[in-house]
Amino acid sequence: MRKTATLLCLLIVLASFPAFSQKRSARFDPDGSFWVLGQLPNEFSDLSAINLNAKRLRRLPSPGLQLNNDTTYRFKTLTVKRNNFTFTTATLKGVSYSFAGRFLKGGVFAETELNDESPILEGTLTKYREGKKLAEAKLRFTYFGGT
């Protein structure tokens, strides 16, 4: 009887692990703005931020890649997963961008105390003119959740 109870408890505990890990992975929400950490390469000196705003919150800028002059390149394609964050932008005046990277942390970013001196996202940003690669840089980004 005691062995059966112990075995039953062990099975219940083991069965709960997949459910627990699914709930944890489902709680990934990086909505916010991502600013370059460190010096920008000259080819990307006009870059302001990458903005994710899936919920269309007023406290966050419109989704897309934003330049210093407030031009926003809207996402044409977008994949937002913890280990796979990619996008391509619409083309404006012959220029477009693509990004391939990953988030360095999980969780719900807006509910997490994140240090603005520590990277939270890293990847390669590529700039195109008329479909031809102009520039490419490996960048690291910090997180800002809005005010």
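Worth pointing out:
- Subset of region 115-126 that is more than 14 Å from the chain's Cα centre (by Cα) and assigned to a loop (DSSP other than H, G, I, E, B) - its residue that is surrounded by the fewest Cβ atoms within 10 Å (Cβ to Cβ): Glu117
- Selection from region 127-144 of residues that are more than 10 Å from the chain's Cα centre (by Cα), at pLDDT 95 or above and hydrophobic (A, V, I, L, M, F, W, C): Leu134, Ala135, Ala137, Leu139
- The one condition from (1) closer than 18 Å to Arg27 by Cα; (2) modelled with pLDDT of 95 or more; (3) touching an Asp or Glu at 6+ places or on another chain (Cβ under 9 Å) that Val95 does not meet is (1).
The values are calculated or read from the model by the stated rules, or taken from the named source; none is laboratory data. In this text, all values refer to a predicted model and were calculated from it rather than measured experimentally. FYI the Cβ positions are ideal-geometry reconstructions off the backbone, even for glycines, and counts take in every protein chain you see.
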